[in-house]
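Notes follow once the structure below has been shown.
No lab work stands behind these numbers, since they all come straight from the coordinates. Just so you know, these numbers come straight off a predicted model, no measurement behind them. Heads up, the Cβs are rebuilt from the backbone with ideal geometry, glycines too, and the neighbour counts pull from every protein chain shown.
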Amino acid sequence: MLGNNIFDTVLVYPILNVLILFYKLFISIGLPGAFGFSIIALTVFIRLILHPFFSKQIETTKKMQDLKPHLDRLSSKHKKDPKKLQSEQMRLYQEAGINPATGCLFMLVQIPVFFALYNTLSLFLMKGPTTKLIADINGVLYHPFLKIQSINSDFFIFNLAMSPQKSGLWYYYLVPVVTAALQYLQVQATTPAMAPTALAENKDKKKEVSSTSGDFQKAMNTQMKYIFPLMIGWFAYTLPLGLSLYWNIFSLFSIMQYKKLKS
């Protein structure tokens, strides 16, 4: 529910007003499935605002990937001197003009926005737009023009407030499959290719052994590639369809932006 806390005031209320603005505009032109298209428009709007953060994150990731062979050589050369290794790594980062913590920083910046989007959509989709909820929403809208009497959650053959789990209709079950597939493609597009790792240089050994860090990164990439899409697909199965619509549009834009920035 809506509250008077700083999070709602700074993030949820503005996003809610933008969503209702799109809904009122689409209703005024008689667009079928106006609420669904409002979710799409809101997702695109937020994604465009966050584009500079994603661009910087991709740039940092790419530079880190390019440095991976050099970092592996430093790890092999100074493996018995952690302080020397750390200073050499920092020197390499400075020469490349990157901060390793930057990627995490930009991800942290985006997290509150994602939660605000989820909270906004949940208002309409989790329990439905009751009379009290509509009154609460109207109470935080910025202009009388935006005030609403009700929300129609139908989007073509789908009810965006219904989950595939509760629908009992076969075509609802396609949504979690599509959601998991898009998440898999997003992970594929956004995960950097594994750079060559430092190899054991013992000539007496017949097999080359990957570094521990390389093995850990490979394991993490494998989990992100397969487990995370399945988890998102399960959420899409149990949660209202409108949240899946938001997630899928966001994934599509992520894939397109990463492809464009990497090309």
Quiz item: Given the pairs Lys63/Lys83; Lys84/Lys259; Lys68/Lys225; Lys68/Lys259, which span a C-alpha to C-alpha distance of over 29 angstrom in this model?
Solution: Lys84/Lys259
Quiz item: What FRET efficiency would be calculated for the residue pair Lys79, Lys259, taking the C-beta separation as r and a Förster radius of 35 Å, to the nearest 0.05?
Solution: 0.40
Exercise. Using a cut-off of 14 Å between beta-carbons, work out the net charge of the residues near Ala41 (Lys and Arg +1, Asp and Glu -1, Ala41 not included).
Key: +2
Quiz item: Under a point-charge model restricted to the Cβ atoms of Lys and Arg (+1) and Asp and Glu (-1), what is the dipole moment magnitude of region 1-85 relative to its Cα centre, in debye to the nearest 20?
Solution: 800
Quiz item: By its C-alpha gyration tensor, with a ≥ b ≥ c as the square roots of the eigenvalues, how is region 115-177 shaped: rounded for a/c under 1.5, else prolate for a/b larger than b/c, else oblate?
Solution: prolate
